[in-house]
Amino acid sequence: MKQFRLEHDSMGELEVPQEALYGAQTQRAVDNFPISGQGLPESFIRGLIQIKDVAAQVNVQLGELPDDIGQAISSACQQLLADPQLMSHFPVDIFQTGSGTSTNMNANEVIANLASKNSNSVIHPNDHVNYGQSSNDVIPTCIHLSAALAIHHNLLPALTHLVATITLKAEQVKGLCKTGRTHLMDAMPIRMDQSLLGWAAQLQQQITHLQNIQPAIQTLALGGTAVGTGVNAPKGLAEEFNQLLSQKTGLHFKPADNFFALMGSQDTAVSVSGITKSIAVSLMKIANDLRWMNSGPLAGLAEISLPALQPGSSIMPGKVNPVIPEAVAMVAAQVIGNDAAITIGGQSGNFELNVMLPMIAHNLLSSIALLSNSSRLLADKAICDFAVNQDNIEHALRRNPILVTALNPLIGYAKAAEIAKQAYQQQRPIIDVAAENTDIPRAQLEQLLDPLQLTRGAE
C-alpha cells in the first residue's frame, strides 16, 4: 500500500505521499485541479529552478540569507536540474490558480525539502527559497526566461537551418522553369529557385521579427514582488539577479523599467505568440505548396517527388503520402489555436496581475517547441531531398496558353486572349496558335515565349 506522511501549511495538515519531495501546498493543488493531467512544460520548470538558484545566490550576496542556506538551496537546484526524473516532482496541472502560485510553491517545497535533506539546516520554502519573491513576479519572469531560452537555443537555430536548406535547394534547381499559378490556375512561368527563395524570404522575415523582440522577452519582472511595488524585495535584488542570470545563461537579461506593466499584463508574451502564429502561417504556406507540387503521381501536378518515408495506406498498396508537410500543417493549425488562447489570456490582466499565467506559459512554450521541431523535419525530410520531375514540368509549361501574356505589348490584350482561348480549346502549344494568328516571325515568337526568359522580368 502507498505510504503517506503528514505535512502542514497555513491551512492545516494533510497527507502527502511518503516519497514525494513536495509538501502540503503542492498536494492541495494536485487535489484541487485534476483537470488536464498535464503539467507545465519541462522547459518552464527548468527555468523556474534556475530562478530559485540565482535568487538564492543573490540573496546571499546581499546579506539577506546565510551562506550555508543559500548554498544548500543552490545545490538542491543543481541536483534537480541533473535529475532525469525531474518532472515527477512537479505534478501540478496547467489549469490551476491563474497566478501560478501552486507551481511556484511546488518548486519552493521541492527545493526546500531536498536542500534540508542535504544539509544540517532546516530550510523553509517561503522564508528561504522564496525570499524576496512572490509568485506574482516569479511566474511572469519564468515565462520570459523560458521563452527567451527556447527561442535562442531552439527556434532561431531551427528556422535558420530551414532557410539554409531552402536556399541550398534553390541553388540546385536554379534554371528549371515551371508553370506559375495564381488562384491554383495556370499563370506566367516562374523558376523553381524563385519559388523556393520566396519561401526563404518569408522565413527570414520571421527570424528578424524574433530577433527584434528578444530584448523585450529578456526583460524580467523579478523584484516587483506581490503588486509591482517591490515590497519585501531586498534593495538591489532585481539588478543583481539579472546580472547573475545573464552570466549563467549567456543572454542579456535586464530588470523591467516598470514592474506594474510586466505583472499586470502579458503583452510581450502575446507579441511573441503573434510571431509564432506568423511563423505557423509561413510554414503552412510552404507545406501546402509542397503538397500540391508533389500531388499525383499520375493525376496531380507531379512537379516534384518528396522522399518516400512510409507506406501511405492500410488498404491501397504502393501509395505514399506527403507525411512531413501534413504534420507541419497540423503544427501550424495548433500554433494558431495556441495563439488564440494566449490572446484571450493576455486580456486577463486584472489590475495588478494577469491571472492566466500558467496557460500562457504552456501554450507559448508549446508553440515554440512545435515550430522548432517541425522546421527541422521540414528541412531534413522534405525539402532537402525532393526530386524535380522535369519532364512533367516542361510538358505543362510549353503548352501553357498564358505565355501569350508576353505578346500583349505587340498585339494587345484582346487579340492575345483570342489566341489563348483557341490554344485551350484545341489543346495545342501556344506558339503554334500564335504563329497562325499573328504576323510575328516564328523565330521571334520563340524568343518572346521562352519561359526562362519570361522569368527574368526587368532583369
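Considering each residue of the range 298-311, count those that are assigned to a loop (DSSP other than H, G, I, E, B) and free of Cβ contacts under 8 Å to residues at least 12 places away in the same chain, and give that number.
3
Residues of the range 40-97 being closer than 28 Å to GLY345 by Cα and in a loop (DSSP other than H, G, I, E, B), which ones?
LEU40, PRO41, PHE90, PRO91, VAL92, ILE94, PHE95, GLN96, THR97
Restricting to the range 350-388, count the residues that are closer than 25 Å to HIS161 by Cα and either free of Cβ contacts under 8 Å to residues at least 12 places away in the same chain or not in a helix (DSSP H, G or I) (or both).
Total satisfying the criteria: 5.
Out of all the residues in the range 91-105, is one or more under 22 Å from CYS142 (Cβ atoms), among the hydroxyl-bearing types (Ser, Thr, Tyr) and without any contact (Cβ under 8 Å) to a residue 12 or more places away in the chain?
No.
Considering ALA327, ALA332, ALA396, which residue is in a helix (DSSP H, G or I), more than 22 Å from LEU210 (Cα to Cα), under 19 Å from the mean Cα position of the chain (by Cα) and small (Gly, Ala, Ser)?
Of the residues listed, the single one that is in a helix (DSSP H, G or I), more than 22 Å from LEU210 (Cα to Cα), under 19 Å from the mean Cα position of the chain (by Cα) and small (Gly, Ala, Ser) is ALA327.
From the list ALA269, ALA287, ALA261, ALA216, which residue is more than 27 Å from VAL355 (Cα to Cα), small (Gly, Ala, Ser), modelled with pLDDT of 95 or more and part of a helix (DSSP H, G or I)?
It is ALA287.
I want to confirm something. Restricting to the range 230-244 and keeping residues that are in contact (Cβ under 8 Å) with a residue 40 or more places away in the chain and buried (at least 18 other Cβ atoms within 10 Å of the Cβ), which single residue is nearest to THR219 (Cα to Cα)?
Here the residue is PHE241.
From the residues in the range 60-76 that are touching a residue at least 60 places away in the same chain (Cβ under 8 Å) and closer than 12 Å to HIS128 by Cβ, which one is surrounded by the fewest Cβ atoms within 10 Å (Cβ to Cβ)?
Applying the filter and picking the extreme gives GLU64.
The values are calculated or read from the model by the stated rules, or taken from the named source; none is laboratory data. Quick caveat: nothing in here was measured; it's all calculated off a predicted structure. A quick note on method: Cβ atoms are made from the backbone with ideal geometry, for glycine too, and the neighbour counts reach across all protein chains shown.
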